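To start, the structure itself, in structure tokens.
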Amino acid sequence: MSHQAPRHYLQFSDLDREEYAYLFRRSSLIKARFKRYEMHQPLVDRTLAMIFEKHSTRTRLSFEAGMHQLGGAAIYINTRDSQLGRGEPIEDAAQVFSRMVDLVMIRTYGHDIVERFAAHSRVPVINGLTNEFHPCQVLADVFTYIEHRGDIAGKTVAWVGDANNMLYTWLQAAAILGFKVHFSGPAGYGVDLQRPGYPVSEAERACLRCFDDPLQACEGAHLVTTDVWTSMGYEAENAQRMQAFQGFMVDTRMMARADAQALFMHCLPAHRGEEVQGEVIDGPQSVVWDEAENRLHVQKALMEFMLLGQLPD
Ligand code: CP
Ligand code: NVA
């Protein structure tokens, strides 16, 4: 186990374009082997600890199944029934976790928590969602787009709804991979270019166009995507948000304004009749199940990369 400062994956911007090109190639290869029932076990005897302070279905399932399939083991820790839930400092936890496991994934509230953990960790840390970012999901989403439609460079992604952790991660991806983001959301829930602690960079700003009218945001888009109106941690604002977001449900009118080959994505869980119409998420342009499945494949490529670096095919 190395004691040199490890690399972490806390934001999408932690990797560069060339590393993403490798990860997408590697995800395809790992997925193809998995579909052929071929064993791919480069991480025998490695252990992943997964720390959850928020709910999850896909993230837990994909990391736990993924580590198992790579030949390693995964340990699920819920902060509520660990000492973290009784106030053990995150810095102390990082010291202890990283002396016992090879890799840590954390899902929590403030992004500063994963940063503080990572700063005290001897092993790589992966962000499994914070209030500010969800890089593993956008990794899966971009991979899914590439699988269905080829290179995402030069394309337009329309985001309708809340400017949340997913949207800010899409902006980082746009700046690195060279595509545009069209955003439309209600007043008061728009993109905060000066977001405290995590401002939008100039390069991200250059990829972004904001629209009052969601139909205009979707015009010619190659991918239309959205997410819940109330993210985890914001439940107290739910009633107010349900009112504010009226008119911002992704519907068949918006999909009709998008490119004829446009895809629909949603990171899930979804609320039909709120942020997305049932006809859209269950319709022919929706790739949400491929998107969910691809969490497994891209995160296997990511874990392998973080522990072993780039490998030959
Ligand atoms: N999309 C996603 O991260 O799902 P979970 O909250 O179920 O992990
Ligand atoms: N924006 C959502 C994503 C859930 C996977 C949330 O943070 O709750």
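Listed here are the residues, each with its yes/no results for (1) part of a helix (DSSP H, G or I); (2) more than 16 Å from ligand 2 (Cβ to nearest atom); (3) open to solvent by less than 10 Å² (accessible area, probe 1.4 Å).
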| position | (1), (2), (3) |
| --- | --- |
| Gln261 | no, yes, no |
| Ala270 | no, no, no |
| Ala292 | yes, no, no |
| Leu302 | yes, yes, yes |
| Phe305 | yes, yes, no |
| Leu311 | no, yes, no |
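Please verify whether Ala5 is away from ligand 2 (no atom under 16 Å from the Cβ), open to solvent by 80 Å² or more (accessible area, probe 1.4 Å) and of a type outside the set (D, E, K, R), treating the condition exactly as stated.
Yes, satisfied.
Are there any strands (runs of 3 or more DSSP E) wholly within the stretch 173-232 with 3 or more residues that are modelled with pLDDT of 95 or more and open to solvent by 30 Å² or more (accessible area, probe 1.4 Å), and if so which? Break it down stepwise before answering.
On the way: elements: 180-184, 208-210, 223-226.
Hits in the stretch 173-232: none.
Being within 10 Å of ligand 2 (Cβ to nearest atom) and either open to solvent by 60 Å² or more (accessible area, probe 1.4 Å) or under 12 Å from Pro214 (Cβ atoms) (or both) is the filter here, so list the residues in the stretch 233-254 that pass it. Spell out the reasoning first.
Restricting attention to the stretch 233-254, the residues satisfying the condition of being within 10 Å of ligand 2 (Cβ to nearest atom) are 233-235.
Result: Tyr234, Glu235.
Report, by residue number, each residue of the stretch 51-61 that is open to solvent by 40 Å² or more (accessible area, probe 1.4 Å) and either more than 8 Å from ligand 1 (Cβ to nearest atom) or part of a helix (DSSP H, G or I) (or both).
Answer for the stretch 51-61, where residues must be open to solvent by 40 Å² or more (accessible area, probe 1.4 Å) and either more than 8 Å from ligand 1 (Cβ to nearest atom) or part of a helix (DSSP H, G or I) (or both): Glu53, Arg58, Arg60, Leu61.
Val96: open to solvent by less than 80 Å² (accessible area, probe 1.4 Å), more than 21 Å from Cys136 (Cα to Cα) and either touching a residue at least 24 places away in the same chain (Cβ under 8 Å) or part of a helix (DSSP H, G or I) (or both), yes or no? Please lay out each step first, then the result.
Values: open to solvent by less than 80 Å² (accessible area, probe 1.4 Å): yes; more than 21 Å from Cys136 (Cα to Cα): yes; either touching a residue at least 24 places away in the same chain (Cβ under 8 Å) or part of a helix (DSSP H, G or I) (or both): yes.
Answer is yes for this residue.
List every residue pair whose Cβ atoms sit under 9 Å apart, with the two residues 6 or more apart in sequence or on different chains, where the first one lies in the stretch 53-72 and is more than 14 Å from Leu307 (Cβ to Cβ) and hydrophobic (A, V, I, L, M, F, W, C) and the second, anywhere, is within 13 Å of ligand 2 (Cβ to nearest atom) and at pLDDT 95 or above.
Within 9 Å, the pairs are Leu61/Arg295.
Is it the case that some residue within the stretch 101-116 is over 20 Å from Gly66 (Cβ atoms), open to solvent by less than 10 Å² (accessible area, probe 1.4 Å) and away from ligand 2 (no atom under 16 Å from the Cβ)?
Looking through the stretch 101-116, none of the residues is over 20 Å from Gly66 (Cβ atoms), open to solvent by less than 10 Å² (accessible area, probe 1.4 Å) and away from ligand 2 (no atom under 16 Å from the Cβ).
So the check is Cβ under 9 Å with 6+ separation or different chains; which pairs have a first residue in the stretch 226-241 that's free of Cβ contacts under 8 Å to residues at least 12 places away in the same chain and closer than 16 Å to Tyr168 by Cβ and a second one that's part of a loop (DSSP other than H, G, I, E, B) and open to solvent by 20 Å² or more (accessible area, probe 1.4 Å)?
Listed pairs, sorted by first residue: Tyr234/Asn131.
Determine whether the stretch 139-162 contains at least one residue that is assigned to a loop (DSSP other than H, G, I, E, B), within 16 Å of ligand 1 (Cβ to nearest atom) and either surrounded by 19 or more Cβ atoms within 10 Å (Cβ to Cβ) or without any contact (Cβ under 8 Å) to a residue 24 or more places away in the chain (or both).
So far as the stretch 139-162 goes, yes, one or more of its residues are assigned to a loop (DSSP other than H, G, I, E, B), within 16 Å of ligand 1 (Cβ to nearest atom) and either surrounded by 19 or more Cβ atoms within 10 Å (Cβ to Cβ) or without any contact (Cβ under 8 Å) to a residue 24 or more places away in the chain (or both).
Among (1) open to solvent by 40 Å² or more (accessible area, probe 1.4 Å); (2) not hydrophobic (A, V, I, L, M, F, W, C); (3) not in a helix (DSSP H, G or I), which single condition is Asn131 missing?
(1)
For (1) among the β-branched types (Val, Ile, Thr); (2) within 14 Å of ligand 1 (Cβ to nearest atom), each residue gets a yes or a no:
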| position | (1), (2) |
| --- | --- |
| Thr230 | yes, yes |
| Ala239 | no, no |
| Gln243 | no, no |
| Asp251 | no, no |
| Leu263 | no, no |
| Pro269 | no, yes |
| Arg272 | no, no |
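Among Glu64, Glu38, Glu19, which is open to solvent by less than 50 Å² (accessible area, probe 1.4 Å), more than 15 Å from the chain's Cα centre (by Cα) and among the acidic types (Asp, Glu)?
None of the others qualify; the one that does is Glu19.
The values are calculated or read from the model by the stated rules, or taken from the named source; none is laboratory data. Everything numeric here is computed off the predicted structure, so don't read it as measured data. A quick note on method: Cβ atoms are made from the backbone with ideal geometry, for glycine too, and the neighbour counts reach across all protein chains shown. The protein model used for the area step is the full one, side chains on, heavy atoms only, and it has no ligands, DNA or RNA in it. Shrake-Rupley method; radii C 1.70, N 1.55, O 1.52, S 1.80 Å.
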